[in-house]
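The values are calculated or read from the model by the stated rules, or taken from the named source; none is laboratory data. Keep in mind that what you see is a predicted model, and the values were worked out from it rather than measured. Cβ atoms come from the backbone with ideal geometry, glycine included; neighbour counts cover every protein chain shown.
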Amino acid sequence: MNHSKIAEKLSAYHDQRLTQPERWEVESHLEDCPSCRQTLRHWKAAAGFLFAKPRFSEWNEDLFTQKVMARLDEKPLGLFNWKPLLQWSLPLTGSLVAAAWVWGAVIPNLPGLASDNSLIGGYGTRAARSAPATRVASSASSASVVAPAAFDSVSGDYTVSFISYDGGQ
Amino acid sequence: MDPVIEDRLLVEQILAGDQEVYAVLVQRYQRKVRGYCQSMLGDPTQADDAAQEAFVKAFRSLSKFRGDSAFSTWLYRITTNHCLDLLRKRKRRPTVSWDALMEQESGFLQRLASTEADAESSLENRDLAQKILSTLPDDYRTLLTLREAEGLSYEELGKVLHCSVDAVKSRLSRARKAMQERVRHFQALPGVQTLEERLKGL
């Protein structure tokens, strides 16, 4: 059997999981193959080094058992995991507040936009003259309409007027 | 009495309402579970917490224990899943690749490697071992830890990891090659003791 096929069996040989004929085969190869012998030595040394059992010099078995037993009656967390929501709620709220502030306070006061708020979807002074009124309630004879909000570029406030319409009677 | 049968009887007692009996199982397996958690996670404090959590999770799932494997094997499965969850969460933080570790800590590694083996260097050896293990893929680390540190058989590994014995065999072979690769880098450092030499100091 060639080297690569034996190499595939080395792990099982290391764990003593080969049949007796396979074992003889590998051992016969090992006599003539320093590379495979080194691999086996290396695995043994690496496993001994990497997986040495930790020492428990200060381990208190009774205390550990008490801690576990005390937790048995704790209610498990529900199926819905709130943690990610809580984790993101603060940054999300902050971002929304910042966006609202930029939208409401900064953009309207930008040079060139303060006098023409139609560009940002608000009702600026020019828009107030041209935008149609919105009908909010009506009956056969009368209706209340909301006039377009007028923006006062000095105070930065919007003014909304209610107009009663009596149908010309 | 056979410990496997004894464990099953204890589980039946607990499921019948005698919760205090669970202390017997905790007492019996805590060193194994805690040791396994430490091998998987490295940090002793995190290992303590993980071991506690694994026992609590096992208690809550006790009704699902069907008894077709030993209680200890079933407990290893729960502990493995919990440790892998923790490792995944840890991986979301920036991780250190093997090359980066060699670059950042080559001085530290060389100092450790050239230290005479004594009580202090034994702790440092653990630290170094954890650093090397942390660069292995999680599934290789799990498999090697269960095999090399906990001594599970191929059949038990198959039950813990939900795979066939043939799959265990081939995965172990690949995991050992990966382990060899990591350690070979380390051994290539100038002034480094061979693992055989370091092993004598443990």
Wholly enclosed helices (runs of 4 or more DSSP H) of segment B:86-202 bearing at least 3 residues touching a helix residue (DSSP H, G or I) at 6+ places or on another chain (Cβ under 7 Å), under 30 Å from B:THR73 (Cβ atoms) and modelled with pLDDT of 75 or more: B:119-134, B:138-144, B:154-161, B:165-187
Matching residues, segment B:156-174, being within 19 Å of A:THR39 (Cβ to Cβ) and charged (D, E, K, R): B:LYS169, B:ARG171, B:ARG174
Selected residue (criterion: surrounded by the most Cβ atoms within 10 Å (Cβ to Cβ)) from residues of segment B:26-73 that are within 7 Å of chain A (Cβ to nearest Cβ) and closer than 19 Å to B:GLU6 by Cα: B:PHE55
Evaluation of A:SER95 against (1) more than 14 Å from chain B (Cβ to nearest Cβ); (2) surrounded by 13 or more Cβ atoms within 10 Å (Cβ to Cβ); (3) modelled with pLDDT of 90 or more; (4) within 31 Å of the chain's Cα centre (by Cα) (one fails), failing number: (2)
Residues of segment B:142-170 that turn out to be over 18 Å from B:TYR36 (Cα atoms) and of a type in the set (A, V, I, L, M), as a count: 3
Given (1) exposed (fewer than 10 other Cβ atoms within 10 Å of the Cβ); (2) of a type outside the set (Phe, Trp, Tyr); (3) within 30 Å of B:ARG34 (Cβ to Cβ); (4) at pLDDT below 90, number of the condition A:GLY112 does not satisfy: (3)
Residue list for segment B:154-168, restricted to those being of a type in the set (Ser, Thr, Tyr), free of Cβ contacts under 8 Å to residues at least 12 places away in the same chain and over 16 Å from B:ASP68 (Cβ atoms): none
Selection status of A:ALA46, at pLDDT 80 or above and under 30 Å from A:HIS29 (Cβ atoms): yes
Single residue of segment A:9-62 satisfying the filter (in contact with a helix residue (DSSP H, G or I) (Cβ under 9 Å, 6 or more places away or on another chain) and acidic (Asp, Glu)) that is farthest from the other protein chains (Cβ to nearest Cβ): A:GLU31
